[in-house]
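Participant: Let me give you the structure first, and then I'll get to my questions.
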Number of protein chains: 2
Amino acid sequence: MAEPRKSAQQAGPRRAGEKPHDHDACIDTAIARARTLCDERAVQLTPLREKVLQIVWRSHKPVGAYQVLDELARTHKAARPPTVYRALDFLIAEGLIHKIESLNAYLGCGEAGVAHTSQFLICRACGTAEEIVDPKLDQALDAAAKRARFTVERKVVEIAGLCGRCAG
Amino acid sequence: MAEPRKSAQQAGPRRAGEKPHDHDACIDTAIARARTLCDERAVQLTPLREKVLQIVWRSHKPVGAYQVLDELARTHKAARPPTVYRALDFLIAEGLIHKIESLNAYLGCGEAGVAHTSQFLICRACGTAEEIVDPKLDQALDAAAKRARFTVERKVVEIAGLCGRCAG
DNA sequence: GGGCGAATGATACAATATAACTTTGGGCCT
DNA sequence: AGGCCCAAAGTTATATTGTATCATTCGCCC
Ligand SMILES: [Zn+2]
Ligand SMILES: [Zn+2]
Ligand SMILES: [Zn+2]
Ligand SMILES: [Zn+2]
């Protein structure tokens, strides 16, 4: 595995004068971290699962399961919906990707291995979703739940609108 | 329209000693408010749309579109998926119901006509979803978005876990 | 080399949602 | 009254997203 795939990716748009984004570095970091974490946990980041993780990481836009399937099928003829959903389920269980519920799509996690709740800013114009980690927001969620005597197991926070680039 | 439908509803479970919940009153209030709001806005709460609103309000559990369809079809033979989705879209646009993204299901809004962002506590055990209105939480969301120079258009907050009754 | 279990292959199908065109019916103008 | 308009609903077909189920493969252990 781990064949080179530079320049096969599709990062988000960027405004003139803005510092460029080495997305290959994003991917490399994510894959490396995934390997380390799976190793530590003694779970198998198989070639298939790693390939799916790569595909999800091709951009910072949430990607649909069937988009993953199409891409995967280019090099993996046996790919079928269960192939993809199983890999996605594994990656979610290990905290390597998140599901964006309001889009039915999946996004690489930038904070894999670090305890955090997923909070997203999703731009309707450019399609990028930024994962934010905001302890204040997280506390507010916990406080709201506590007030209602509710035991939190999962938090879904998805803010849709326009990112700074697209609103500017 | 507005035929009596008392006792056709299905409210959530309740713990012994807890004050009962007159769910018929929930429904009546919601329908009455919906009529007033649609009247003020000069939009049509048609019999079909009102019936769908009634069905969604049958319980405090989010209900799927096809559950609505099944129920609707009992008295409305022409009902088809577009029938239901159009009614649901209308009700969402008027703020009379919300979509719970993490469940692909719909829930009556208890704060129709009042500006608020939807925040939900969803119990995985009993299935009920409680809408909460927490200004602190709302402010935390706005602050997080502002910090990222993000223009908010829609906020999705869905906290899943166990409600006080089911955790107790 | 036989049994076990995790991962994947393979087939079929379920659940959720939308596109696109047609028909209905009420308000309104002449 | 007759014709026009438009929103709503009817109708048919299809797209998109997600699962159930059983078979096969393969490494590991005894
Ligand atoms: Zn990147
Ligand atoms: Zn953007
Ligand atoms: Zn509401
Ligand atoms: Zn409960």
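The values are calculated or read from the model by the stated rules, or taken from the named source; none is laboratory data. None of these values were measured; they are calculated from a predicted model. Don't worry about glycine lacking a Cβ; one is built from the backbone with ideal geometry, like all the others, and counts go over all protein chains shown. Note: areas computed on protein heavy atoms with side chains; ligands, DNA, RNA excluded. Shrake-Rupley method; radii C 1.70, N 1.55, O 1.52, S 1.80 Å.
Participant: Starting from the Cα of A:Ala115, move 7 Å in the Cα-to-Cβ direction to define the label point; list residues of the range A:39-75 whose amide nitrogen is under 12 Å from there.
Facilitator: None, by backbone N distance to the label point.
Participant: Still on this structure, please answer the following. Once amide H atoms are built 1.01 Å from N in the peptide plane, which residues 5 or more positions from A:Ile100, or in another chain, come under 5 Å H to H?
Facilitator: Residues meeting the criterion, in which the H sits 1.01 Å from N, are A:Ala105, A:Tyr106, A:Leu107.
Participant: When a/c reaches 1.5 or more, the comparison of a/b and b/c decides; with that in mind, is the range A:21-112 rounded, prolate or oblate per its Cα gyration tensor?
Facilitator: Values: a/c = 1.38, a/b = 1.16, b/c = 1.19.
Because its axes are fairly even, with a/c under 1.5, the range A:21-112 counts as rounded.
Participant: Partner chain Cβ atoms within 10 Å, averaged over the residues of B:97-107 - can you pull that number for me?
Facilitator: Numbers: counts 0, 0, 1, 2, 7, 6, 1, 2, 0, 0, 0.
Averaged over the peptide's residues, the number is 2.
Participant: Also: Would you mind checking the pairs B:Lys77/B:Lys155; A:Lys77/A:Lys99; B:Lys51/B:Lys136; A:Lys61/A:Lys146 and listing those with alpha carbons more than 28 angstrom apart?
Facilitator: B:Lys77/B:Lys155; B:Lys51/B:Lys136; A:Lys61/A:Lys146
Participant: Okay, moving on. Can you tell me the relative contact order of the range B:75-164? Whole percent, Cα pairs under 8 Å, sequence separation 6 or more. Please list the in-between numbers first.
Facilitator: Values: 89 pairs, mean separation 22.7, N = 90.
The value is 25 percent.
Participant: Can you pull the mean other chain C-beta count within 10 Å for peptide A:31-42?
Facilitator: Details: counts 0, 0, 0, 0, 0, 0, 0, 0, 0, 0, 0, 0.
That average works out to 0.
Participant: Can I ask one more? Could you give, in nm with one decimal, how far B:Val152 is from each other copy of that position, shortest first, with labels 7 Å out from Cα toward Cβ?
Facilitator: 1.6
Participant: Sorted from shortest, what are the nm distances separating the label point of B:Ala125 from equivalent points in the other copies, each placed 7 Å from Cα along Cα to C-beta?
Facilitator: 4.7
Participant: Moving on. Ordering A:Thr36, A:Thr46 by how much accessible area each has at a 1.4 Å probe, largest first, what is the list? All intermediate terms of the calculation are to be shown ahead of the outcome.
Facilitator: Working: A:Thr36 70, A:Thr46 40 Å².
Accessible-area ranking of A:Thr36, A:Thr46, largest first: A:Thr36, A:Thr46.
Participant: Another question, then. Taking a probe of 1.4 angstrom, what is the accessible area of B:Glu131 in Å², to the nearest 10?
Facilitator: Roll a 1.4 Å probe over it and B:Glu131 shows about 40 Å².
Participant: Using helices alone, what [θ] at 222 nm do you get for chain A, with -39,500 (n - 2.57) per DSSP H run of 4 or more residues, divided over all residues and rounded to the nearest 500? Please report the intermediate quantities before stating the final value.
Facilitator: Working: 6 runs with 68 residues, N = 168.
The helix contribution divided over chain A gives -12500 deg cm²/dmol.
Participant: How crowded by other chains is A:129-141, given as the mean number of beta carbons from other chains within 10 Å of each beta carbon? It would help to have the intermediate numbers written out before the result.
Facilitator: On the way: counts 0, 2, 0, 5, 1, 7, 1, 6, 10, 2, 3, 12, 7.
Neighbouring Cβ atoms belonging to other protein chains average 4 per residue here.
Participant: Which of rounded, prolate or oblate describes chain B when judged by the alpha-carbon gyration tensor and an a/c cut-off of 1.5?
Facilitator: Values: a/c = 1.73, a/b = 1.21, b/c = 1.42.
Oblate shape, in that a/c is at least 1.5 and b/c is the bigger or equal ratio.
Participant: What gaps in nm, shortest first, separate A:Arg165 from its twins in the other copies when you place the label 7 Å past Cα toward the beta carbon?
Facilitator: Those separations, rounded to one decimal, come out as 4.8 nm.
Participant: What is the calculated FRET efficiency for B:Arg124 to A:Ala42, with r their C-beta to C-beta distance and R₀ = 35 Å, to the nearest 0.05? Walk me through the intermediate numbers first.
Facilitator: Working: r = 28 Å, r/R0 = 0.80.
Working from the Cβ atoms, E equals 0.80.
Participant: Ok, one more. What trypsin sites (Lys or Arg not before Pro) in the range B:76-168 are in a loop by DSSP, with at most 14 other Cβ atoms within 10 Å of the Cβ? Show your work: numbers first, answer last.
Facilitator: On the way: sites: B:Lys77, B:Arg86, B:Lys99, B:Arg124, B:Lys136, B:Lys146, B:Arg147, B:Arg149, B:Arg154, B:Lys155, B:Arg165; in loops: B:Lys77, B:Arg124, B:Arg149.
Passing sites in the range B:76-168 are B:Lys77, B:Arg124, B:Arg149.
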